[in-house]
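Here's the structure, in structure tokens; my notes come after.
The values are calculated or read from the model by the stated rules, or taken from the named source; none is laboratory data. Note that the structure is predicted; figures quoted are calculated from it, not measured. For neighbour counting, all protein chains shown are included, and Cβ atoms are generated from backbone atoms with ideal geometry for every residue, glycine included.
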Amino acid sequence: MSFYGYVRLGPQRYRERFGLRFEDLSEGLRIHHRPGIDVSQQDNREDAVDLINNAQLHYDSHYAAQTEWKNPLGVSTLTVQRLLGMTSRTWYARRRLLGIDSIAMTHPVFGGDTLYAASSVTSLDSGRDPDVGQASISIEGSNQRGQVVSKIACRLEVYRRGRHPEDKAEEEVVGEERFKLYHKAQDGALVEQTGLDFEDLVPGETFVHWPGRTFDFSESRQHALRSLEINPRWSDEAYLRRYKTVEPAIFEPLIIGAVTALTTRTMGKVVANLGWTQIELPRPVRPGETIYAESTIGKVRGSHSRPTQGIAEVETRGYVDGGELVCRYQRALLVYRRGLGPYAAAGY
């Protein structure tokens, strides 16, 4: 089984890898997907309004108070979206979703709930397509109290080993214990890993984070406005047309935040960022460009005041497609040691 999360690109250089291939699957295989995600009433209201959902039960609190639920009820399709998205680390190698056979909403979802997803392989069909096989899976969503809120039965086409567009014959999947995508739960199910432990961080190693992230002007404008940024460069398209010497660009704090977020698939067991230094932005990121990130581990040491944690110095770099550097910084991270922290208690 190639249940490992990195391929080797060169000496001390690894790229993140996601998704089981068809040969990795077996009937009865069960996966607990992580992380979970909170659903707020604001999420609920925005989804309903954006889709022009006229069912007032989702966003009229006074009306909802008169119903048996007493609170606005979660939009069912929002719950389904979240559950399908939460499974994507394991089902990353799907070519497409063939169909959804059934969706059952078995318990109400309210703002303030936390959703968790689990999936099981119910049947497999190798078929004749040389690139993919078909998998039928059952997805079960539950809340923080363990109450099942939804059950989804669907069918996927899953790439065979070596057939996914990202699979290259010359790349080696690194079969090291620290790079496993899963660990076993007490019930025998596989639980998705959430990052490397402090002991797994080796000075000099570089991790290429995957996938990248494309940015557009509207997203940049939204982040700038929410930050109370008044410079029209970030939010006024008429201003940019008038002053043609001002180049459209993505809001710089958004770039720093996005590059940092890209690192979290490897740096997922960080207790806290202790701080950034030497932040460089060599050139603006233009709307429509895609950023890729990589991180190199520097010095690592145990924490004197926190015996369950260690400190790692990391340099992270962001590149646009084509390899031009657009962001670089140094960070100090506080990282949990192996087997410690809140993971077991939180179901991770």
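Consider residue 3 carefully, then state whether it is at pLDDT below 95 and under 30 Å from residue 200 (Cα atoms). Before the answer, list the steps.
On the way: at pLDDT below 95: yes; under 30 Å from residue 200 (Cα atoms): yes.
Here the answer is yes, as residue 3 does meet what is asked.
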Qualifying residue in the range 101-112 (condition: assigned by TED's automatic domain parsing to the domain that holds residue 25, over 30 Å from residue 346 (Cα atoms) and modelled with pLDDT of 95 or more): yes
Odd one out for residue 82, checked against (1) part of a strand (DSSP E or B); (2) buried (at least 17 other Cβ atoms within 10 Å of the Cβ); (3) of a type outside the set (Gly, Ala, Ser): (1)
Condition broken by residue 178, with the remaining ones in (1) surrounded by 12 or more Cβ atoms within 10 Å (Cβ to Cβ); (2) in contact with a Lys or Arg (Cβ under 8 Å, 6 or more places away or on another chain) satisfied: (2)
Conditions (1) surrounded by fewer than 14 Cβ atoms within 10 Å (Cβ to Cβ); (2) touching a residue at least 12 places away in the same chain (Cβ under 8 Å); (3) more than 19 Å from residue 219 (Cα to Cα); number of the one not met by residue 243: (2)
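Go through 63, 59, 92 for me and flag whichever is surrounded by fewer than 15 Cβ atoms within 10 Å (Cβ to Cβ) and among the aromatic types (Phe, Trp, Tyr). First the steps, then the outcome.
Working: 59 fails: surrounded by fewer than 15 Cβ atoms within 10 Å (Cβ to Cβ); 92 fails: surrounded by fewer than 15 Cβ atoms within 10 Å (Cβ to Cβ).
Answer to the selection: 63.
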Residue check for residue 338: of a type outside the set (A, V, I, L, M), in contact with a helix residue (DSSP H, G or I) (Cβ under 7 Å, 6 or more places away or on another chain) and more than 18 Å from residue 263 (Cα to Cα): yes
Wholly within the range 94-191, strands (runs of 3 or more DSSP E) carrying at least 3 residues that are over 17 Å from residue 34 (Cβ atoms) and under 22 Å from the mean Cα position of the chain (by Cα): 94-105, 148-159
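Taking helices (runs of 4 or more DSSP H) that do not extend beyond the range 198-279, which have at least 1 residues that are touching a Leu at 6+ places or on another chain (Cβ under 9 Å)?
Numbers: elements: 217-226, 237-242, 252-262.
So the answer is 217-226, 252-262.
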